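Shown next, in structure tokens, is the structure this report addresses.
Derivation of every value follows stated rules applied to the coordinates shown; laboratory data play no part. Since the structure is predicted, the reported quantities are computational estimates derived from the model, not experimental observations. Neighbour counts are summed over all protein chains in view; Cβ atoms, including those assigned to glycine, are modelled from backbone coordinates with ideal geometry.
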Amino acid sequence: MSARQGISLLVLGAIHLVFLLTFILEPRTDFGVKAIILSSLVLLIVAYARVPRSEAVYSKAETLLYPFVIALAGVLTYYVSVDLQSDGYRNGPVIASAGIGFIASYIPTFSKSSFLKSLPVPIYCGTFVGMCSSFHAENYFFLAYAGLVAGVIYLLTRDALNGIGGKLGTIAFGGVVVVSFIFSQL
């Protein structure tokens, strides 16, 4: 395992650990639920040890622009979900994320550029950031910042857990949690 792969697994593992520990440390959580969560944590550690990793080479454009693409997709998803109303009804986060992800999936058909062909995945990751509740996301600055943090996490973890479900949601969760913590300390 290379240092880059180790960092990828460490970052994703830390995000998963924080998520699971919030349930374990919650006093109202039933003992049976805590036991299931602890067993999930053991399975997660085994999965991290056995999942194949890649050593892909990325362009500087991808490295520099992905955090901004993720932030923009997050802000756009939040706008469609919360502020864009049709006949007085909100679209909701799932519809907004699905719609933007659907549109993003067609980007590679319009260009042969390898950069544009790689955009749907970071855009879809950004839509998960944009699914954040308006209770947590006080404004668009929060979402843009959470998207940038998620973009950095995406860059750090793009060599780990490829093809495993939940990776993009975990990255988005990590970005929102980090920014929520920072904003709560201000």
Among TYR66, TYR58, TYR79, the residue with the largest mean-square fluctuation in a Gaussian network model of the chain built from Cα contacts under 10 Å is TYR58
Which of [x] 17.5; [y] 19.3; [z] 24.1 gives Kirkwood radius over Cα pairs in Å as computed here? It is [x]
Can you work out the Karplus-derived ³J(HN,Hα) for every residue in the range 41-47? Use 6.51 cos²θ - 1.76 cosθ + 1.60 with θ = phi - 60°, whole Hz, and x for glycine or proline. 5, 5, 4, 5, 5, 4, 5
Most mobile of PHE23, PHE115, PHE135 per a Gaussian network model of the chain (Cα springs, under 10 Å)? PHE135
Expressed in nanometres to one decimal, the distance between label points 7 Å along Cα→Cβ at ARG90 and GLN185 is 2.9
Just want to confirm a number: the relative contact order over the chain, from Cα pairs under 8 angstrom separated by 6+ residues, in percent. 30
Nearest 500 deg cm²/dmol is fine: what mean residue ellipticity at 222 nm does the chain get from its DSSP H runs of n ≥ 4 alone, each adding -39,500 (n - 2.57), divided by its residue count? -22500 deg cm²/dmol
